[in-house]
Amino acid sequence: MIASPELYTPRTRIRLADEVDAVALLRYRADNRVHLAPWEPLRDASYYTLDHCVRTIAEGREAAAQGRGYPLLVLDPDGETILATFTFANVVRGVFQACHLGYGVAAEAQGQGLMQEALRAGLDWAFGELDLHRVMANHMPRNERSARLLARLGFEREGYAKRYLRINGVWEDHVLTARTRADD
Ligand SMILES: CC(C)(COP(=O)(O)OP(=O)(O)OC[C@H]1O[C@@H](n2cnc3c(N)ncnc32)[C@H](O)[C@@H]1OP(=O)(O)O)[C@@H](O)C(=O)NCCC(=O)NCCS
């Protein structure tokens, strides 16, 4: 069975994407192309097609079924519009019980506390139902919004990695942060 959260916050609804979400995902990608590009891997034209969205959703469900990762949609309360996305990726069990967290909010929904609201619910689920001990999130030094968000969520700086991720075509330094569960 897929561990699949159905989370509700005052302004959002959070769940794994389903095939029927492909059109909404394509709209989210297209509408936020310029907004997200500086913070993501280089995307070629195929990324902005329905086929690619269908494939992404299928791969995401497969990852969740295998317990490897959980790419989640943050929808409006009606479940129609994608406001944001976040992913618990690279889940490692054994003595580590950890994952990486990636996220982004729609340009129109930025600056309203929505990402924070959704991630609080997501992190409760990750530390609770998923039983993780550590969630790691990394940001480029110049991504001040991301740094503020992580600090508000209780992530602490653990290091600085040079040329860490290839973002928008360039190997970028990253600040490494993490939050660990205190009660396990
Ligand atoms: C990083 C990112 C998710 C942050 O989004 P955000 O909307 O600033 O984050 P939050 O949900 O925490 O919102 C906080 C902002 O909303 C404001 N806000 C307004 N209403 C609010 C409310 N009801 N509750 C809380 N905050 C509220 C806060 O004052 C804060 O603004 P400030 O930081 O200028 O003071 C967003 O900038 C983004 O998607 N960037 C592109 C992708 C990206 O960088 N991803 C991460 C790569 S590491």
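Please treat every number below as a calculation from the coordinates, not as lab data. Worth saying up front: this structure is predicted, and the values here are computed from it rather than measured. Positions of Cβ are backbone-derived with ideal geometry, glycine not excepted, and every protein chain shown enters the neighbour counts.
For the list (1) small (Gly, Ala, Ser); (2) more than 16 Å from the chain's Cα centre (by Cα); (3) at positive phi, I need the number of the one condition that Gly113 fails.
All conditions pass for Gly113, except number (2).
Which of the residues that make up the range 142-179 are touching a residue at least 40 places away in the same chain (Cβ under 8 Å), more than 12 Å from the ligand (Cβ to nearest atom) and either charged (D, E, K, R) or within 19 Å of Pro71 (Cβ to Cβ) (or both)?
Passing the criteria: Arg166, Arg179.
Considering (1) surrounded by 13 or more Cβ atoms within 10 Å (Cβ to Cβ); (2) under 22 Å from Arg179 (Cα atoms); (3) without any contact (Cβ under 8 Å) to a residue 24 or more places away in the chain, say which one Gly94 fails and leave the rest.
(1)
Pull out all pairs, ordered by first then second residue, where Cβ-Cβ is under 9 Å, the residues are six or more apart or on different chains, the first lies in the range 115-141 and is more than 23 Å from Leu36 (Cβ to Cβ), and the second is in a helix (DSSP H, G or I).
Qualifying pairs under 9 Å: Leu132/Ala126; His133/Phe127.
Output the residue which, of all residues in the range 38-48 that are surrounded by 13 or more Cβ atoms within 10 Å (Cβ to Cβ) and more than 9 Å from the ligand (Cβ to nearest atom), is farthest from Met140 (Cα to Cα).
Tyr48
Being polar (S, T, N, Q), out of contact with any Gly (no Cβ under 8 Å at 6 or more places or on another chain) and part of a helix (DSSP H, G or I) narrows it down to one of Gln116, Gln112, so name that one.
Criteria check complete, one pass: Gln116.
Please count how many residues of the range 150-184 are over 23 Å from His35 (Cα atoms) and over 17 Å from the mean Cα position of the chain (by Cα).
So the count comes out to 12.
Does Ala3 fit the bill of being in contact with a strand residue (DSSP E or B) (Cβ under 8 Å, 6 or more places away or on another chain) and either outside any helix (DSSP H, G or I) or among the basic types (Lys, Arg) (or both)?
yes
Quick check on the range 70-81. Is at least one of its residues under 16 Å from the mean Cα position of the chain (by Cα) and free of Cβ contacts under 8 Å to residues at least 60 places away in the same chain?
Yes, that holds for at least one residue.
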